[in-house]
Amino acid sequence: MAVAEPTTPTPLSKAPQAPDRRPTVIADDVHIVYRVAGGTRGKGSATAALNRIVRRKPSGRVREVHAVKGVSFTAYRGEAIGLIGSNGSGKSTLLRAIAGLLPPERGKVYTDGQPSLLGVNAALLNDLTGERNVVLGGLAMGMSREEVRARYQDIVDFSGINEKGDFITLPMRTYSSGMAARLRFSIAAARRHDVLMIDEALATGDKKFQKRSENRIRELRKEAGTVFLVSHNNKSIRDTCDRVLWLEKGELRMDGPTEDVLAAYEEYTGK
Amino acid sequence: MQAPPHPDDGLTPAELAAKYGLSVSGARPPLLQYIRQLWQRRHFIGAFSRAKLQAQYSQAKLGQIWQVATPLLNAAVYFLIFGIIMEAREGVPGGDHNYVPFLVIGVFIFTFSQQSVLSGVRAVAANQGLVRALHFPRASLPIAFVLQQLQQLLYSMVVMLVVLLAFGQRPGLSWLLVFPALALQFLFNGGLAMIFARLGAGTPDLAQLMPFVLRTWMYASGVMFPLHAMLAEKVPPWAIDLVAANPAAVFMDLMRFALIDDYTYADIAPYPWLLGLGWALVAGVFGFVYFWKAEERYGRG
């Protein structure tokens with residue numbers, strides 16, 4: 001449990017008994033259903049597609065995938081929460097719902113401020129240089145031009161993009177996936193977030209960057225945010241999180257202190 | 001975690017959320033608040049459109065020269081086909097010598113609307129990386145793309161200026177009318193881009209279809225031939241007015257009226273400024289509200 005810091009500015013609605021148990025994310029029986037077009041068997045040819053359109057058979061074309069089934073939990077300020085589970089268990093989907101990018105089918109997600117989701121699979125704008133992406137990312141997050149200018153060097157230094165030459169002035173499409181992920185993490189981590197969610201970011205960077213980002217996550221937590229981390233690397237979960245949610249087949253299987261849940265998970269996966 | 005009983009323990013999730021002022025994640029903000037958020041991101045919008053403009057030709061060796069060369073080559077092709085081969089120059093107000101200014105203005109002004117629609121269709125769909133990674137009012141994207149096209153048009157206007165002077169047009173007070181005409185067209189294009197951004201986010205197939213729709217629109221708007229002269233003997237006058245009242249024709253005619261000496265109000269659709277203002281307001285307001293209505297759904301897919 002995080003220790004209450006006397007320097008933290010306390011909000012107006014401060015509960016006198018427990019200033020340290022302020023919820024930041026509440027998931028209330030969240031269900032998420034994907035509707036997938038083109039997930040049908042049958043022929044994938046143009047004539048087959050035309051045939052389906054002519055015969056108006058939409059039901060056959062769209063399949064439903066129930067990715068998250070009734071997950072409820074409450075996250076508090078200052079917590080770092082790991083999300084574990086086998087591939088396809090709904091971890092990333094749940095994060096997207098918390099970020100407000102994917103409206104839940106049933107149930108609700110309440111958040112304090114705007115959660116930010118940090119994924120590794122896409123660069124920001126591939127055609128633009130890293131330099132431009134830093135500026136645009138900062139502005140898009142709502143930083144002022146002065147703030148961006150002031151933080152620019154920190155962001156570039158933190159990402160370590162320029163350690164092997166002047167890569168920041170090259171278009172992002174020329175970056176390796178690891179480099180792009182590092183730059184994205186650095187941009188998003190430059191601002192204080194109420195809720196920061198990281199999707200496997202720590203697994204992609206090299207050792208040195210992993211260390212640095214773990215430290216940065218600790219700093220972000222001190223600044224009174226909540227951090228969610230999806231990872232298949234139990235070590236990085238152990239190093240950064242104090243609470244773990246275990247999802248399996250879209251259901252919340254376990255929620256508790258890191259050691260307890262990881263022990264059960266490792267037994268389940270047969271380690 | 002063995003914590004002592006907490007006063008919050010008996011609350012339902014909704015009550016707990018209300019107590020600490022938590023809001024539903026991803027909910028669409030009210031319209032006025034949305035406009036305020038958009039205003040806060042104005043520097044982002046400006047920086048984004050400038051960056052896109054520069055990235056556009058970053059892989060070409062001549063680089064930014066293409067900003068000016070592309071519209072010029074476009075005008076040259078249409079001059080070759082319509083001015084020389086098909087001799088469409090008859091009927092241009094003031095006589096044949098006005099055909100090249102007429103054509104160049106038409107091509108540049110129509111391109112502004114055309115490109116706004118085309119980039120609008122892809123505005124959200126092609127920037128999913130940004131949309132999924134960061135939170136900002138999504139209307140920033142189509143607006144930034146229309147701004148990019150406006151900047152592109154301003155480059156083209158330099159070419160236009162040279163052409164006008166070369167073909168004997170003299171700068172006059174009426175040239176100042178360029179500014180209100182551009183402002184109205186910008187508003188119109190912005191609305192159009194937002195409508196197509198929402199449609200394109202749901203149905204990416206539109207990117208394949210739109211070039212054909214736009215080409216039809218171009219031929220129906222009198223970009224390279226004067227509508228009045230072309231249609232005069234074939235259809236009744238009210239039909240000509242109807243065709244000339246379509247937004248692309250209106251904005252082209254306003255610009256030609258402003259820049260070409262021999263143009264009078266008799267040569268263009270009746271009430272051109274009112275028509276322009278009407279189109280701008282209808283498209284701008286409807287497009288903005290229509291786009292905002294789906295704000296929470298753009299991260300999907």
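Every number in this text was worked out from the coordinates using simple rules, so none of it is lab data. All figures in this text were calculated on a predicted structure; none of them were measured in a lab. Note that we place each Cβ from the backbone using ideal geometry, even for glycine, and neighbour counts take in every protein chain shown.
Remark: mean inter-chain Cβ contacts per residue of A:73-82 equal 1, using a 10 Å Cβ-Cβ cutoff to other protein chain atoms.
If you restrict to DSSP beta bridges whose two residues both lie in the stretch A:181-261, what percentage is antiparallel, to the nearest 5?
Numbers: 6 of 11 bridges.
DSSP beta bridges in the stretch A:181-261 are roughly 55 percent antiparallel.
When a footprinting reagent is the concern and you count Cβ atoms within 10 Å, what order do B:Leu141, B:Leu32, B:Leu242 take, fewest first? Can you show the working numbers first?
Working: B:Leu141 29, B:Leu32 8, B:Leu242 12.
In order of increasing Cβ crowding within 10 Å: B:Leu32, B:Leu242, B:Leu141.
Over all other residues within a Cβ to Cβ distance under 13 Å of B:Asp241, the charged ones net out to -2, with Lys and Arg as +1 and Asp and Glu as -1. Shielding value for B:52-58 is 3, the average number of Cβ atoms from other chains within 10 Å of each residue's Cβ.
One equal scatterer on each Cα of the protein assembly as shown, no solvent, Debye formula: the resulting log10 I(q)/I(0) at q = 0.11 Å⁻¹ is -1.06. Kirkwood radius for the stretch B:161-301, taken over all pairs of different Cα atoms as the inverse mean of 1/r, rounds to 16.9 Å.
Pairs to check: A:Lys164/A:Lys208; A:Lys69/A:Lys249; A:Lys91/A:Lys207; A:Lys69/B:Lys19; A:Lys91/A:Lys222. Give those whose C-alpha atoms are more than 19 Å from each other in this structure. Spell out each step's value before the answer.
Values: A:Lys164/A:Lys208 14 Å; A:Lys69/A:Lys249 8 Å; A:Lys91/A:Lys207 24 Å; A:Lys69/B:Lys19 26 Å; A:Lys91/A:Lys222 25 Å.
Pairs exceeding 19 Å: A:Lys91/A:Lys207; A:Lys69/B:Lys19; A:Lys91/A:Lys222.
By DSSP, what percent of the beta bridges with both residues in the protein assembly as shown are antiparallel, rounded to the nearest 5?
Values: 26 of 42 bridges.
Antiparallel bridges: around 60 percent, rounded to the nearest 5.
Neighbours of B:Leu147, meaning other residues whose beta-carbon lies under 13 angstrom from its beta-carbon, give a summed charge of +4 when Lys and Arg score +1 and Asp and Glu score -1. Going by neighbour counts of Cβ atoms within 10 Å, the residues A:Ile168, B:Ile84 line up, fewest first, as B:Ile84, A:Ile168. Per the helix-only calculation at 222 nm, which mean residue ellipticity applies to chain B, given -39500 (n - 2.57) for every DSSP H run of n ≥ 4 and division by its residues, nearest 500 deg cm²/dmol? Counting only the DSSP helices, I get -20500 deg cm²/dmol.
Using 0.36 nm per residue of separation minus the Cα-Cα distance, give me the extension gain between A:Arg149 and A:Tyr268 in nm, one decimal.
Working: separation 119, 0.36 × 119 = 42.84 nm, distance 4.88 nm.
Working it through step by step, the gained length comes to 38.0 nm.
Per-residue mean of foreign Cβ neighbours for B:33-46 is 2 (Cβ atoms of other chains, 10 Å radius). The B:His6 and B:Leu176 beta-carbon pair, evaluated with R₀ = 56 Å, returns a calculated FRET efficiency of approximately 0.20. Whole-percent P(r), the stretch A:62-163, all Cα pairs, 10 Å bins from 0: 11, 33, 30, 21, 5. Measuring nothing but how far apart in sequence close Cα pairs (under 8 Å, 6+ apart) lie, relative to its length, the stretch B:27-296 scores a relative contact order of 29 percent. Computed over the stretch A:77-268, the Cα gyration tensor eigenvalues convert (square root of 5λ each) into semi-axes of 29, 18, 16 Å, ordered from largest to smallest.
Listed by chain and number, the aspartates and glutamates whose alpha-carbon sits under 19 Å from that of B:Lys234, ignoring those within fewer than 8 places in the same chain, are B:Glu87, B:Glu90, B:Asp267.
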